[in-house]
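Trainee: Submitted below is the structure of interest, expressed as structure tokens.
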Amino acid sequence: MTLPDLTEDCSRCAALCCLAYPFEAHEDFGLLKQADTPCPNLAANFQCSIHKDLAACGFGGCVAYSCAGAGQRVTQDLFEGETWRDDPDLLTHMTHALRVLRPIHEALLVLQEAAALPLPRDLQQRCAGLTQALCPGNPSSVWDFQEDSVQQALAEVPEFVGRVAPFAQRQG
């Protein structure tokens, strides 16, 4: 099984993080913004117009953010390179897809790290099973990631992390 790319590549995304999430000024963002609304600092080319000054402008949340590769997966794979600027009707569908895929990609990152630990066989098998469940074969829409089996596996990751935490501590 091949994992999706779990590293963000903003050049292959339609700036979905700059739309999908609300910004709260008191939560390390320099302004108040509703979900599914473009950040006013977003340029026409999908790049941040203040990127080099994010921290200085009060956008520490943007500095710390990573989609774990979910943004480009949504844009390139699920929407075949189309963007919400090409078709404004796609905006809420694309941002919804990001909100569904990002936790899955984050869980896959955690499971990837867990798989590198010296785990007993039963935990290795559980890790592989969760990873496989979070990677539906040939997904063509966000619905593939909202299947009960995928969401159940996602819900089981925190308990699994608790079980493997002692093995990670032994490594450090």
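Trainee: Might you report the magnitude of the Cβ-based charge dipole of the range 7-120 about its Cα centre, with Lys and Arg at +1 and Asp and Glu at -1, to the nearest 20 debye?
Mentor: The calculated dipole for the range 7-120 is roughly 140 debye.
Trainee: Evaluate the charge dipole of the range 25-90 about its Cα centre and quote only its size in Debye, nearest 20, assuming +1 on the Cβ of each Lys and Arg and -1 on the Cβ of each Asp and Glu.
Mentor: 320
Trainee: Let me have the relative contact order for the chain, percent, based on Cα pairs under 8 Å that are six or more residues apart.
Mentor: Relative contact order of the chain: 22 percent.
Trainee: Calculate, for TRP143 and PHE167, the FRET efficiency according to 1/(1 + (r/R0)^6) with r their C-beta to C-beta distance and R0 25 Å; round to the nearest 0.05.
Mentor: After rounding, the FRET efficiency stands at 0.10.
Trainee: Using the Karplus curve 6.51 cos²θ - 1.76 cosθ + 1.60 with θ = phi - 60°, what ³J(HN,Hα) values do you get for each residue of the range 31-46, in whole Hz, with x for Gly and Pro?
Mentor: Karplus values, whole Hz, x for Gly and Pro: 7, 9, 9, 7, 4, 6, 10, x, 5, x, 8, 7, 7, 4, 8, 6.
Trainee: Using R₀ = 30 Å, calculate the FRET efficiency as 1/(1 + (r/R₀)^6) where r is the Cβ-Cβ separation of GLN47 and LEU109; round to 0.05.
Mentor: 0.75
Trainee: Give the accessible surface of the chain per residue, rounded to a whole number of Å², with probe radius 1.4 Å and ligands, DNA and RNA excluded.
Mentor: Here the residues of the chain average 55 Å² of exposed surface.
Trainee: Residue by residue, what Karplus-based ³J(HN,Hα) values in Hz, rounded to whole numbers, does the range 119-132 have, using 6.51, -1.76 and 1.60 with θ = phi - 60° and x for Gly and Pro?
Mentor: Values, residue by residue: 8, x, 3, 5, 6, 4, 5, 5, 4, 5, x, 5, 4, 5 Hz.
Trainee: Enumerate the calculated ³J(HN,Hα) couplings along the range 92-103 in order (Karplus 6.51 cos²θ - 1.76 cosθ + 1.60, θ = phi - 60°), each rounded to whole Hz, writing x wherever the residue is Gly or Pro.
Mentor: After applying 6.51 cos²θ - 1.76 cosθ + 1.60, I find 5, 5, 5, 5, 4, 4, 4, 5, 7, 7, 4, x Hz.
Trainee: Based on the Cβ-Cβ distance of ALA116 and VAL63, what FRET efficiency does E = 1/(1 + (r/R0)^6) give at R0 = 22 Å, to the nearest 0.05?
Mentor: 0.20
Trainee: Along the charge dipole of the chain, pointing to its positive end and built from +1/-1 on Cβ of Lys, Arg, Asp and Glu, which listed residue (GLY69, VAL100, PRO166) has its Cα farthest out?
Mentor: PRO166
Trainee: Follow-up question, since we're still on this one. Peptides 29-40, 11-22: what's the order by average Cβ count within 10 Å, highest mean first?
Mentor: Result, highest mean first: 11-22, 29-40.
Trainee: Moving to a separate point now. Express the carbon and sulfur contribution to the solvent-accessible surface of the chain as a percent, rounded to the nearest whole number, probe 1.4 angstrom.
Mentor: Carbon and sulfur atoms account for 51 percent of the accessible area of the chain.
The values are calculated or read from the model by the stated rules, or taken from the named source; none is laboratory data. Treat the numbers as computed from the prediction; the structure is a model and nothing was measured. Counting neighbours? That spans all protein chains shown, and the Cβs are built from the backbone with ideal geometry, glycine included. Side chains are part of the model used for accessible areas, which takes the heavy atoms of the whole protein and leaves out ligands, DNA and RNA. Shrake-Rupley method; radii C 1.70, N 1.55, O 1.52, S 1.80 Å.
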